[in-house]
Amino acid sequence: RQAAKHYETALEHAGLLTAEQRAELHERCAFELQLIGRVQDAIDHFKAALRVHEARNDGLRAGDALRWISRLSYNVGDPASAERHGREAIAALEPFSTGPELALAYANLAILMALK
């Protein structure tokens, strides 16, 4: 709870940071928020990070953010959004060949399909 609060406070004063640094704060904040059950807030922070990654044409980080959004969307009871974002994550990550991000995206989608 304290870590999430610290990240939220840091984001309130992040105006002088680069977009990439703000995206990193959003991702870290989102991770902590999902741990304490504030899943919708976590999704919102991952979406903020996603917008930065897309604006910077950082497909690898955008794909990973999409995977997180997918995973958390299922947790808040939105399986359609979870599947859509899961497929978008794979599409974003496949151009980067193999790597842990793509493996996690495939694993995420496999879990979603198994839970149908």
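The values are calculated or read from the model by the stated rules, or taken from the named source; none is laboratory data. These figures come from a predicted structure and were not determined experimentally. Because the Cβ atoms are built from the backbone with ideal geometry, glycine has one as well, and the counts that use them run over all protein chains shown. All accessible areas refer to the heavy atoms of the entire protein, side chains included, with ligands and DNA or RNA removed. Shrake-Rupley method; radii C 1.70, N 1.55, O 1.52, S 1.80 Å.
General observations
- Filtered residue count, region 77-87, keeping only those that are touching a residue at least 24 places away in the same chain (Cβ under 8 Å) and under 14 Å from Gly63 (Cβ atoms): 1
- Test: residue in region 97-106 that is within 28 Å of Lys5 (Cβ to Cβ) and touching a residue at least 24 places away in the same chain (Cβ under 8 Å): yes
- Test: residue in region 49-67 that is within 19 Å of Glu101 (Cα to Cα), among the basic types (Lys, Arg) and open to solvent by less than 40 Å² (accessible area, probe 1.4 Å): yes
- Being within 21 Å of Gln2 (Cβ to Cβ) and open to solvent by 40 Å² or more (accessible area, probe 1.4 Å) is a description that applies to Phe31.
- For beta carbons closer than 8 Å, sequence separation of 6+ or different chains, a first residue in region 20-37 that is without any contact (Cβ under 8 Å) to a residue 24 or more places away in the chain and a second that is open to solvent by 60 Å² or more (accessible area, probe 1.4 Å) and not in a helix (DSSP H, G or I), the qualifying pairs are Leu25/Leu17.
- Phe31 closer than 22 Å to Thr9 by Cα and aromatic (Phe, Trp, Tyr): yes
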